[in-house]
Structure formats: C-alpha cells, structure tokens
Amino acid sequence: MAYLTDLTLRLALGTATLPPELRSRHLQYLLAQQRPDGGFGGREGGSDPYYTGFALRALMVLGELQQEPAERAARFLASRLTGREGIVDLISLVFAAAVVELGAGVDVLREAPSDWPQNLAKLLETYRRDDGGYAKSPDGRAGSTYQTFLTILCYELLEIEPAEVDRAIAFLREREHPDGGFLEIRVGKRPGVNPTAAAIGALKTLGALQPPTIERTVEFLLDQQSDDGGFTANTRIPLADLLSTCTATITLADLGARDAMDVEAARKYVLSMERPSGGFAGFLMDPAQDVEYTFYGLATLALLA
C-alpha cells in the first residue's frame, strides 16, 4: 500500500474517535471553502491543486468525502491536467487524484492522455540533480530533501519505479545531521523537523530506513517539543507551529515512538490552534485559518487520539 494511502487510512481511524461536535465543526468549515469551480484555495487567490489536495485529504480523514463535492473537485483537477502547471501543483494533483479515487471512486486521470503518467515522470527527472536529489525549481542547483520526498511519493502513486533509487537513498542519508535530524539542503547549517519528517518518510517508502537513524531521529524530534506542547521547526525558532507539530507526530508514530512525546501537551497545543468557526490556524499569532492547516490539525489530533 502506498505511503500516503496508508497514512490517510490511519488518520481516518483516529479521527473517527474525536468528539462529534469537533468533526462537524471542521466538516462545515471545509465544505464552505469549496469554490464554484470545484477546487479549493488558500487565503488569497483562486483554486489550485495544492490546497485542493489538502482539503480533500481533510474531508477524507473525517470520513466525509461525499460524492457531490468529490465529483466537483475531480472536475476541477481534470481541468488542470493539460495546463502548464508548476511541479508542486502537478505533484499535488496526483496526490489529490489518489484521494478522490480512494474516497469516492472517481478516477480523475481517466480522461488524461494515456501517456500522461509517463510524461510526468520524464518531467520529474528534469528536476534531478547531480547530488541524487530533486530540486524545487527548474533552476535549482541542488536537491531538496522535501522535494525528493514529494517526488518519491508521486512515483509511488503513479506506480512507476523511480530512476536510480540508490542515488536518492544516498542523497537522503547524506542530509542526516550528527544531531539526529536532517538538513533540507546540502549547505544547511542546522536540521529541521520538516526535512527530517520528509527524509524519514522517503526512506521508509524506499525500504531504506535503518535502526541507528531511527534512534537518532526520535531523540532529535523529542528535543523539539516546546513547553506549550507544540513542536518548533528547528532549535533556533522559539515558537511552535502546527505544521512542525503535525510532521513530528507523524514521524514519531511511524517510528513507533509516539508515546515518548508528551501526548497530552501536544493535544492541548493543537486544540489551541482551533478556531470557533471551524478550521485551524498555523501558529500562536496567526490571524486566520485555512484548509492546509485544518488538515494538519485534524491529522495530529487523529494520531494523538
């Protein structure tokens, strides 16, 4: 089973145990965010595959990806198959399409050219760099840990074997820092929670996760939990955020170490990001909520349930 599919199903099981009023509040918020074109957007601008993917995953983990909103979202995604999308939106489109098919049985790619997956794979390889990783942009000179993770997951959902897997594994292992975390780029000075989560997810997907790395990573992540229960992005940032809290919790759960963190403190932190009208904000002073952080909030609560 693909990593994202397995994670989504695990989150759905956890979310089912949350209070009904909490699930209902966020369900209504998410449904209200769907645009007339069927897609979802961020805090500004129109619909795009990136935010649509997060909204659909949030509805899926709530067990509420119903046929009507799913079909509307599928039509939006299908309309973007032949456009000139950036690489992040193309990968997000694949992720979103997988959720729609899993949750509502709608095949977004059925109307795409038969060679669309192969052409996307060729495009992905143009982002491959000499260090073995994948860059974030066409002119990026070095591989990104996070972009490499996204690319590997995309290949898995497309059911296409990545080229030169050994080079990708070597790239990820070279990003490991003596402190136990992983660097986002080669010249980075300190490891971060999010690139660490990306590296562990990628290595797990590739079947290349080793016990010494697991031990060091668990210790690194536990050190990032702050006094308010959330996780900070790295050792130099004093303020916790919901993204880092989510990715740290997912990674600790993947490594069998969820109970080593302060679970109750983390739950209280996540609930403090919840907004009365539905949705989650990203950090303490964040003035608003959006569908991306709503997924992070629900996902974290599911894993802490």
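So here's what we get for this one:
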| quantity | calculated |
| --- | --- |
| Those residues of the stretch 123-161 which are touching a residue at least 40 places away in the same chain (Cβ under 8 Å), of a type in the set (A, V, I, L, M, F, W, C) and not in a helix (DSSP H, G or I), in sequence order | A142, I160 |
| Conditions (1) β-branched (V, I, T); (2) out of contact with any Pro (no Cβ under 8 Å at 6 or more places or on another chain); (3) part of a helix (DSSP H, G or I); number of the one not met by V187 | (3) |
| Meets criteria (touching a Cys at 6+ places or on another chain (Cβ under 9 Å) and touching a residue at least 12 places away in the same chain (Cβ under 8 Å)) for F231 | yes |
| Test: residue in the stretch 125-147 that is modelled with pLDDT of 95 or more, at positive phi and either crowded, with 18+ Cβ neighbours inside 10 Å or hydroxyl-bearing (S, T, Y) (or both) | yes |
| Output for the stretch 280-305, where each listed residue is touching a Leu at 6+ places or on another chain (Cβ under 8 Å), farther than 12 Å from A58 by Cβ and among the small types (G, A, S) | A281, G282, A305 |
| Condition met for G181 (buried (at least 24 other Cβ atoms within 10 Å of the Cβ), closer than 27 Å to N119 by Cβ and touching a residue at least 12 places away in the same chain (Cβ under 8 Å)) | no |
| Every residue from the stretch 158-171 that is surrounded by 14 or more Cβ atoms within 10 Å (Cβ to Cβ) and within 17 Å of D115 (Cβ to Cβ) | L158, I160 |
| Residues (small (G, A, S), out of contact with any Asp or Glu (no Cβ under 8 Å at 6 or more places or on another chain) and over 23 Å from C246 (Cα atoms)) located in the stretch 161-207 | A168, A170 |
| Matching residues in the stretch 42-54 - criterion: being under 16 Å from the mean Cα position of the chain (by Cα), of a type in the set (G, A, S) and more than 15 Å from A70 (Cβ to Cβ) | G42 |
| Whichever residue in the stretch 1-31 is in contact (Cβ under 8 Å) with a residue 12 or more places away in the chain and of a type in the set (G, A, S) and, among such residues, is surrounded by the fewest Cβ atoms within 10 Å (Cβ to Cβ) | A16 |
| Test: A121 is modelled with pLDDT of 95 or more, over 30 Å from T235 (Cα atoms), surrounded by fewer than 20 Cβ atoms within 10 Å (Cβ to Cβ) and aliphatic (A, V, I, L, M) | yes |
| Residue that is nearest to the chain's Cα centre (by Cα), among those in the stretch 64-101 that are assigned to a helix (DSSP H, G or I), of a type in the set (A, V, I, L, M) and more than 16 Å from L153 (Cα to Cα) | V100 |
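Quick grid of which residues meet (1) surrounded by 15 or more Cβ atoms within 10 Å (Cβ to Cβ); (2) out of contact with any strand residue (DSSP E or B) (no Cβ under 8 Å at 6 or more places or on another chain); (3) not hydrophobic (A, V, I, L, M, F, W, C):
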{"site": "L59", "(1), (2), (3)": "yes, yes, no"}
{"site": "R80", "(1), (2), (3)": "yes, yes, yes"}
{"site": "R84", "(1), (2), (3)": "no, yes, yes"}
{"site": "A96", "(1), (2), (3)": "yes, yes, no"}
{"site": "L102", "(1), (2), (3)": "yes, yes, no"}
{"site": "V108", "(1), (2), (3)": "yes, yes, no"}
{"site": "D115", "(1), (2), (3)": "no, yes, yes"}
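The values are calculated or read from the model by the stated rules, or taken from the named source; none is laboratory data. Predicted model, so just to flag it, every value in this text is computed and none were measured. Heads up, the Cβs are rebuilt from the backbone with ideal geometry, glycines too, and the neighbour counts pull from every protein chain shown.
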